[in-house]
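J.: Quick one: the structure is below, and I'll ask about it shortly.
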Amino acid sequence: MLYGDDDPLQWPQPFVADVPHLPLIRLPPKSRSDPLCAMWWLPKPSEFLPDDSVVSGLGKLHPQCIAILSAPCRQPLQRAKLPRYKSYVLLREHATHLTTLLNRLSHLSMTFDRACLAVREAQRSFLELLACLDWFDVFKPRSTAGEPYTGKVERVVGCFTNNLGVAESLYRSGVPVYLIRNCDDYLTIRVKEVVQLIRPEHSLLSVSTSRASYAQIYKGPSNSIQKYSALYRWSHLFHASANPFNKHRMPSPPKPVVSIASVNRQARAQRYSPYAQRTKTKRELDGPQGRNKFTDPLDPIFPPPIPAWRDALCGVNQSESNFVDQDVLPSDFGYAFPEPASFTAFEKIERRNSVFCSWLRYRHSLIHRLSFEASDARPMSGKAWRDLLSLDYLEHSKSSKKTKNSSRLDLLSDFLQSCLEGTGSRINDIIGGQEMWCGKSFDQLKAEDFEEILWELSELNFRQDLLA
């Protein structure tokens, strides 16, 4: 992603003391064989490998491309872990963000456009991380040294300033700096000696116009730290995961108005009923159903619990007085992903295998729906997830009718399409897609493979719980 005239990766910016590393962002290497050339590479459609799934438009970049992009990042990321950088907060933030983006590119299916944006942001984080390291280790000591730097001008972007002290400090460090002076000051300047202008080796300034593709994220002076804070917030927000719990605490739909006649009929029915019937409260209807969710089921394929977590969950006070929101809504008891324990609840092995197949077939699309902050995905109850993943089994059951089959497929198609609204992807073949796990087909999966699948689901749900 490029930020037009305010992009410190493209051309010099006004010097800001809070981000002194920006003038040290490196320029493209002269040699095409230099590994750093990967930081100016943009993916081509031919380097994008689509997933074989029910959704078209999702995929990953070729593993070789990701390896080339990741290779120059290893050494700076290792350096960033050294204790001497512990107090350099911005450096550590860039290291964390770069690691996150590389992991997303390696493991998360996304559209080609989002893959290109992730590559751009990974390159930006790498160049800023490298500039932070250079500033801390090389240029900061130079600026405070007694003697000026006598080597050649560094091949970095540089900056411009109207502060004489900043200009002298950067000049002593070997950083390209453009000193801006007011025209009225020329009458008061005493010229001691005319020297030859030192020109950078790279053409920095661009006069071409840029066309904005996104909404404005900052309006204000260009030499303010607020501008760069807005850039960093946008970058992190654009690649953040959605939080379906806090974003969609949607109240239950209002009950229809009941006529007086129907109320009288209900009263007469209760008056002559031989047994008293207790009406369930709203909390009982909206709350969790079935087994105790704070205990794990006993099943060979269910991942064993961590003893400390198991003991802590057994001691949780489940009293309603401890609820954060006393106005309980159905979505509060929902799941961002299918509940892992629900896969072990089926007695028939055929139905259990069918549910696993359905999850593997729709896995990429269901994970992708929560992989960006603007997602409209909502949490679903455990029963809704079970029904959704059981549609394939019910479709092929002998007791299922043809009309019901078509309605179930339509329901599943509508659900997946609503999950992918506005992502640039669409439903391809609702009954297609491969049922693969770690490169193995479903027929080759063993008990430990099913345990890994449930472990991943537990991890995904746990992360969404942390966000909530």
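J.: Check each of the trypsin sites (Lys or Arg not before Pro) in segment 1-108 and keep only those in coil by DSSP with at most 14 other C-beta atoms within 10 angstrom; list them in order.
T.: 30, 32, 81, 86
J.: On to the next question. Suppose each label sits 7 Å from its Cα in the direction of the beta carbon; what would the residue 163-residue 318 distance come out to in nanometres?
T.: Result for the modelled spin labels: 6.0 nm.
J.: Using a basic spin-label model with each label point 7 Å from the Cα along Cα→Cβ, how many nm lie between residue 68 and residue 185?
T.: Between residue 68 and residue 185, the label points sit 4.6 nm apart.
J.: Let me ask something else. Of 436, 110, which has the most accessible area and how do the rest follow, probe 1.4 Å?
T.: 436, 110
J.: Leaving out ligands, DNA and RNA, what percent of the accessible area of segment 136-185 is carbon and sulfur, probe 1.4 Å?
T.: Carbon-and-sulfur percentage of accessible area, whole number: 54.
J.: Can you give the accessible area of residue 306 in Å² (nearest 10), computed on protein heavy atoms with a 1.4 Å probe?
T.: Per-residue accessible area (residue 306): approximately 90 Å².
J.: Heavy-atom accessible area of residue 381 with all protein chains present, probe 1.4 Å, nearest 10 Å²?
T.: Per-residue accessible area (residue 381): approximately 60 Å².
J.: Can you give the accessible area per residue of segment 1-111, in Å², using a 1.4 Å probe?
T.: 50
J.: Moving on to the next point. Just the accessible area for residue 184, please: 1.4 Å probe, Å², rounded to the nearest 10?
T.: Here the residue's solvent-accessible area equals roughly 120 Å².
J.: Where the accessible area of segment 1-117 is counted over protein heavy atoms with a 1.4 Å probe, how much of it, in %, is carbon and sulfur?
T.: 56
J.: Say the cut-off is 25 Å between C-alpha atoms; which of 30/192; 30/152; 86/140; 86/152; 348/440; 60/219 go over it?
T.: In this structure, 30/192; 86/152; 60/219 lie more than 25 Å apart at Cα.
The values are calculated or read from the model by the stated rules, or taken from the named source; none is laboratory data. Predicted model, so just to flag it, every value in this text is computed and none were measured. Using ideal geometry, Cβ is built from the backbone for each residue, glycine included, and neighbour counts are taken over all protein chains shown. What goes into the accessible areas is simple: the full protein's heavy atoms, side chains included, and nothing from ligands, DNA or RNA. Shrake-Rupley method; radii C 1.70, N 1.55, O 1.52, S 1.80 Å.
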